[in-house]
1. Mind listing the long-range amide H neighbours of Ser119? Cut-off is under 5 Å, sequence gap 5 or more, other chains count too, H placed in the peptide plane at 1.01 Å from N.
2. Rounded to the nearest 0.05, what FRET efficiency is calculated for Lys578 and Glu517 with R0 set to 25 Å and r the Cβ-Cβ distance?
3. Which one of Val232, Pro539, Gly82 is farthest out on the positive end of the charge dipole of the chain, using unit charges on Cβ (Lys, Arg +1; Asp, Glu -1) and the Cα centre as origin?
4. How large is the dipole of the chain about the Cα centre if only Lys and Arg carry +1 and Asp and Glu carry -1, each at its Cβ, rounded to the nearest 20 debye?
5. For Lys560, which sequence-distant residues (separation of 5 or more, or a different chain) have an amide H within less than 5 Å of its own amide H, given hydrogens modelled in the peptide plane?
6. Distance between Cα centroids, segment 144-214 to segment 52-97: provide it in whole Å.
7. List the residues, sorted by chain then number, that are 5 or more residues from Lys259 or on another chain and whose placed amide H is less than 5 Å from its amide H.
8. From the phi angles alone, apply the Karplus equation (6.51, -1.76, 1.60; θ = phi - 60°) to segment 513-526 and give each ³J(HN,Hα) in whole Hz, x where the residue is Gly or Pro.
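Rule-based calculations on the coordinates, nothing more; no lab input. What you are looking at is a predicted structure, and each value in this text was computed from that prediction instead of being measured. Glycine also receives a Cβ, built like all others from the backbone with ideal geometry; neighbour counts cover every protein chain displayed.
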Amino acid sequence: MTFSNLSQYFEKLEATSKRLELIDILSRLFKESNAEEIGKICYLIQGRVAPFFEPTELGMAESLVAQAIAMAYGPTSPRLRGVKSPKDEVIKLYRQLGNMGLAAEELSKAKRLKTKAISVTGVFNELHKIAKFTGKGTVEQKVTTLANILKSLDPISAKHVVNIPLGTLRLGIGDHTVMDALSLAKIGDKTLRPILEDAYNKTSDLGYVAEMFFKHGEKGLKEVKLVVGKPVRPALAERMPNAEEAVKRLGDTFAAEPKFDGFRVAVHKNGNEIKLFSRNLEDTTHAFPDLVEGAKTQIKAKSCILEGEAIAYNPVTEEFLPFQETTKRRRKYNIEEKAKELPLILFTFDVLYLNGEDVTAKPYKERRKLLESIVSADHSVVRIAEERILHTAGEITKFFNEEISEGLEGLMLKKLDAPYKAGGRGFHWIKFKRSQSGELTDTVDCVLLGVFSGRGKRTAFGVGGLLVGVYDEKNDSFPTISRLGTGLTDVEFREVNEISKKLKVSHKPARVISKIEPGFWVEPKVVMEIFADEITKSPIHTAGEENGVGFALRFPRLVKFRESDKRAEDATTVEEIKKLYEQQYKHKKS
Ligand code: AMP
């Protein structure tokens, strides 16, 4: 396929925000694609040249892209020819039009160079090259390479290609939409979506999954196994209203572990090579040298994928520190210094892959034995989480209270015979968290969708209130559930301001369902943990909407940002909200 052809599809995708139309257009695009290029196309439609977890950034900000545009069109464009600084002229045009892609398109239209039919693979490989340049002369190489790509592209292609390095190619296409379209393209309906999703959950690599699918069909998908180095989408925990209900779900014998209030870490070990991934599937290896060293020496396996929770502790008093302290370790600078000041312990709680074998299908109790055989409980950096085998609701409450008094967040209850369900919720794990009042209630993880501008004191922060939503798993969309104004400190307002500036988009993102128009929209990316008094029904919001009435949060307050922790699709789901709503109603009646 030519890049020009792909760009025509980008145009069509850009013009709609209806999910069914997106799926339809994508499936037509996929039908035209071959097995060699399908993976690359899957990355490109999400504005990338590699899977999300690979830190393959093109490293070109507006000024460099403008320079490349000036280099490509300077000699031929009447607007740029003869001006003192063609680059400044490009920036001027960009400011006028509001988007660098539009500036490139306009300048490209005026040029007289003959365009070549360059393939998707050709453009992809060049863009990939831009990401990989290192050392002396990198900047010039990046600019020249982008300029050369632009020279051989038509105006519409130029428009889309410049948005890739800038991270502004926002077609609003979610992973689930891509998977539905892949299934539709190959077999004419969406029935293969669950199998595609399973393969995706194991590798987090949509391009890789699409390629396997196009090369080896449904059978190939079923054979996709975990790969050391590709992050596994984490298993998720469910909530239950009380210990009695949990016992009903788990049976009369189940495991209980402390729920550490730190951050999830997946360790991928291949010999002496260690990679760490966050809950969010980001590669965080460089940020935690102490965990890397610990994993090298304290995990007795040739190769493995382990999961655990890292939490800061005070080596003098041997006390765990609150989340606010632990999170200070997530930083880009002074890493070594902070590692000494706030040492982490990694409490491992599961093993997914061991010495060449994917063990996710084994029951929890067997995986736990395997984990015990490679990690010990002593006082080193990598430890194993305490486990107790329990039988009754009374035992849950007792253990829960012990853990709370140790400063931990609560308990995780685990079914003994359950497999590890990558990316899944399925009542294999049940969480019991302490709320601010110390009761067994829970918070809601919402996605930031829009921002209302600030009045009064908040004008200084640019942000007055926030529009937040939850995740609708069935429709792969983000309906709204609340407006949030109170409960944010000045520091948090500033933080929201910074985040929202980066994610600001000019129109409502494709997957957002809202009846409210905020000051501006943001890409659904940031997850915020919110505490509310109650879930109510409201005609204003669209979460779980039936007959014009959706769910809403009453008196919402921000607990914390989960920016580098949860992806938007891991936010609380509409289904969960529905359950919480019903449970709360039951409580009130009794
Ligand atoms: P939540 O983020 O509130 O939905 O709770 C699930 C998170 O609890 C997981 O993603 C882990 O990061 C964390 N966690 C803490 N302790 C454990 C444990 N023992 N087993 C599993 N997850 C745990």
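1. Answer set, sorted by chain and number: Phe3.
2. 0.45
3. After comparing all options, I get Gly82.
4. Numbers: 93 positive and 83 negative charges, 404 e Å.
Once rounded to the nearest 20, the dipole reads 1940 debye.
5. Counting only residues 5 or more places away or on other chains, the set is Glu529.
6. The two parts, judged by their Cα centres, are 25 Å apart.
7. Under 5 Å from the amide H of Lys259 lie the amide H atoms of Glu409, Gly410, Leu411, Met412, each far enough along the sequence or on another chain.
8. 10, 8, 9, 9, 10, x, x, 8, 8, 10, 5, x, 9, 9
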